[in-house]
Each structure stands twice: as C-alpha cells, then as structure tokens.
Amino acid sequence: MPSTSPTSALTPSLTTLTSLITHCRTSLQNPIYTSPPLTTTPLTLLHSTATLAKAHTTRLSISLRPPITIDAAKKDLSDLTTSIIPSLVAGVSSCDPSIHGAALADEVRGAVDVLLGAIAEFVRGTEGGGW
C-alpha cells in the first residue's frame, strides 16, 4: 500500500488558503469600507486577529515538524482560512478613512497586506515540503 506524503495530504487545505490570501490581497488594493456594528474598535479587532494569526502559524509550523501531525496542521489551516484571514480583511474594511483618517486606513491596509504576504510565503514553503 503506497503511503502519501504529508504535502499531498495537506494540498487541498494549502491550495484553499493560498487562493483565499491571493483574493484578499487583491481586494485590499481597492477596499470597500463598511461600518459594521462592531462591539470593538477596528484596531482592537485587528490586533486580536493578528495575534491569533501568529499563534496559528506557530502551531502550524510545530505540527509540520517531524513527526508531522496532519490533523493538527489541517485544523490550523482551516482556522486561518475560515476565520482569521476573513477577520483581518473585515478589520481593514471597518477602518473607514472618513471616520479613522486616510493615513490610518492606509497604514492598516498596508500592514494587513504585509501579514497576508508573510503567511502566503510560509504556505509556499510548506507546499514545497520546506519543513
């Protein structure tokens, strides 16, 4: 019975995350600002979500070390895809320049774009078996 490599077991999750990040980074070029009813400020949301992104990428990195834990890696990839990345983009969208100032809105957009780029680079490294 042939064994599958860890990369092949994670390929669908990695592909989904990569596609989402590409889409989100493109949408950040011309964000649509909304004022959703937040129970917190956009900066608090972004800080909390960025902290979660750091924790999940760290856990993902640990789960990809030998012995590789596929289930843990899939869970972290799923959390990044379903909640963390969308929350980062929502934070950018809720930081309306007419309310928070153009400089802050631009800085937030740029910081989230850099964070998404870093996560994408990490994912590209895992796709190539770079663990």
| field | region 34-88 - residue that is surrounded by 15 or more Cβ atoms within 10 Å (Cβ to Cβ), outside any helix (DSSP H, G or I) and in contact (Cβ under 8 Å) with a residue 24 or more places away in the chain and, of those, farthest from the chain's Cα centre (by Cα) | value | Ile68
| query | Got a sec? Which of Ser83, Ser78, Ser61 is at pLDDT below 95 and of a type in the set (S, T, N, Q)? | reply | Ser61
| Just a yes or no: is a residue in region 89-107 touching a Cys at 6+ places or on another chain (Cβ under 6 Å) and on the phi < 0 side of the Ramachandran plot? | yes
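Taking the condition of being small (Gly, Ala, Ser), closer than 30 Å to Leu60 by Cβ and open to solvent by 30 Å² or more (accessible area, probe 1.4 Å), how many residues in region 89-120 meet it? Give the steps one after another, and end with the answer.
Within region 89-120, the subset small (Gly, Ala, Ser) is 90-91, 93-94, 98, 101-103, 105, 110-111, 117-118, 120.
Next, from what is left, pick out any that are closer than 30 Å to Leu60 by Cβ: 90-91, 93-94, 105, 110-111, 117-118, 120.
Still in the list and also open to solvent by 30 Å² or more (accessible area, probe 1.4 Å): 90, 110-111, 118.
Number satisfying all stated conditions: 4.
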| message | Of everything in region 16-28, what is more than 12 Å from the chain's Cα centre (by Cα) and touching a residue at least 60 places away in the same chain (Cβ under 8 Å)? Give them in sequence order. | response | Ser27, Leu28
| If we scan region 22-32, do we find a residue that is modelled with pLDDT of 95 or more, touching a helix residue (DSSP H, G or I) at 6+ places or on another chain (Cβ under 9 Å) and open to solvent by less than 40 Å² (accessible area, probe 1.4 Å)? | yes
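The values are calculated or read from the model by the stated rules, or taken from the named source; none is laboratory data. Owing to the predicted nature of the structure, the values given are computational and were not obtained by experimental measurement. FYI the Cβ positions are ideal-geometry reconstructions off the backbone, even for glycines, and counts take in every protein chain you see. In case anyone asks, the SASA skips ligands and DNA or RNA and just uses the protein heavy atoms, side chains included. Shrake-Rupley method; radii C 1.70, N 1.55, O 1.52, S 1.80 Å.
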